[in-house]
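Here the structure comes first, spelled out in structure tokens, and everything after it is commentary.
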Amino acid sequence: RGDWDTTVAIAMEGTRDAAEHEYNFTHMMLTYGLAYVAAGRGDEEALRRHCDAMTAWAGPRRLQLLLAAVDETRVAAAIGRGDFEEAYQQAVSLTPPGRLPEYYPHFQRVFLDLVESAVRTGRTVEAQAHVEAGRQARLGAISPHHEIILAVAAAVAAEDEDAGELYEAALAVPDASLWAYEYARLRLLYGEWLRRRREYTASRV
């Protein structure tokens, strides 16, 4: 839910216990949590350290889902520093635009990243195709978290004249604010859209 301080506290305690008892897979999954927080906070040094550890362990074992998790964190980091071309290239290596691959069950982790980076790099058609794939798969019915991800992505990818209504619809998703990271992104993206339309007072909120 975006409570990154708690994530770090739990993961740090967990990795110590996992290392002590040689629960290596658990150790790596907790390291993924640390890596994702590092990506979101722009801590490139910590991200590199965590990703190197995950890759060194998962690579020889061909654990593709864990290796994909490494790429997910790199997508998030690229989004955070505004390198949308890198974010797009990393995201589409996991899930092609307009298709939700059966072999990659965690596509929702990069769904919004792919759509936003596509739009910001002039690939609106690809972004809209990905949103449509999410709608066809009934992504929003899976969970409230998936619902807000799809709603934000739909607003980002929409034609300009339709975006305002879709941003408002995303804000109106029940308990949307529980998902702190996606909700903050939603408010930022909506504010940017309002500012581009010179609705400065509304954008400040």
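The values are calculated or read from the model by the stated rules, or taken from the named source; none is laboratory data. Since this is a predicted model, take the numbers as computed values, not measurements. Methodologically, a virtual Cβ is constructed for each residue, glycine included, from the backbone with ideal geometry; neighbour enumeration extends over all protein chains shown. Each accessible area value is taken on the protein alone, full model and side chains, heavy atoms only, with ligands, DNA and RNA left out. Shrake-Rupley method; radii C 1.70, N 1.55, O 1.52, S 1.80 Å.
Computed quantities for the displayed model
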read-out	value
Count of the stretch 113-127 residues which are open to solvent by 50 Å² or more (accessible area, probe 1.4 Å) and more than 18 Å from L186 (Cβ to Cβ)	5
In the stretch 142-157, the residues that are among the small types (G, A, S) and either without any contact (Cβ under 8 Å) to a residue 24 or more places away in the chain or in contact with a Gly (Cβ under 8 Å, 6 or more places away or on another chain) (or both)	S143, A151, A153, A154
Residues satisfying the stated conditions in the stretch 92-125, i.e. of a type in the set (S, T, N, Q), modelled with pLDDT under 95 and under 24 Å from Y167 (Cα atoms)	Q108
Some residue of the stretch 97-115 being free of Cβ contacts under 8 Å to residues at least 40 places away in the same chain and touching a Pro at 6+ places or on another chain (Cβ under 9 Å)	yes
Scan of the stretch 157-200 for residues that are charged (D, E, K, R), under 20 Å from the mean Cα position of the chain (by Cα) and either surrounded by 13 or more Cβ atoms within 10 Å (Cβ to Cβ) or not in a helix (DSSP H, G or I) (or both), ordered by number	D175, E182, R185, R187
Filter result for A154 (assigned to a helix (DSSP H, G or I) and over 18 Å from M29 (Cα atoms))	yes
Filter result (surrounded by 13 or more Cβ atoms within 10 Å (Cβ to Cβ) and either basic (K, R) or out of contact with any Leu (no Cβ under 6 Å at 6 or more places or on another chain) (or both)) within the stretch 136-155	I142, P144, H145, E147, I148, A151
Any hit, the stretch 44-58, residues being in contact (Cβ under 8 Å) with a residue 24 or more places away in the chain, closer than 23 Å to H146 by Cα and either outside any loop (DSSP other than H, G, I, E, B) or open to solvent by 40 Å² or more (accessible area, probe 1.4 Å) (or both)	no
Long-range neighbours under 7 Å by Cβ, at least six apart or interchain, first residue part of a loop (DSSP other than H, G, I, E, B) within the stretch 121-141, second open to solvent by 70 Å² or more (accessible area, probe 1.4 Å)	T121/E85
Selection status of D3, at pLDDT 95 or above and farther than 18 Å from F107 by Cα	no
Per-region count, the stretch 63-112, residues in a helix (DSSP H, G or I), buried (at least 19 other Cβ atoms within 10 Å of the Cβ) and among the hydroxyl-bearing types (S, T, Y)	2
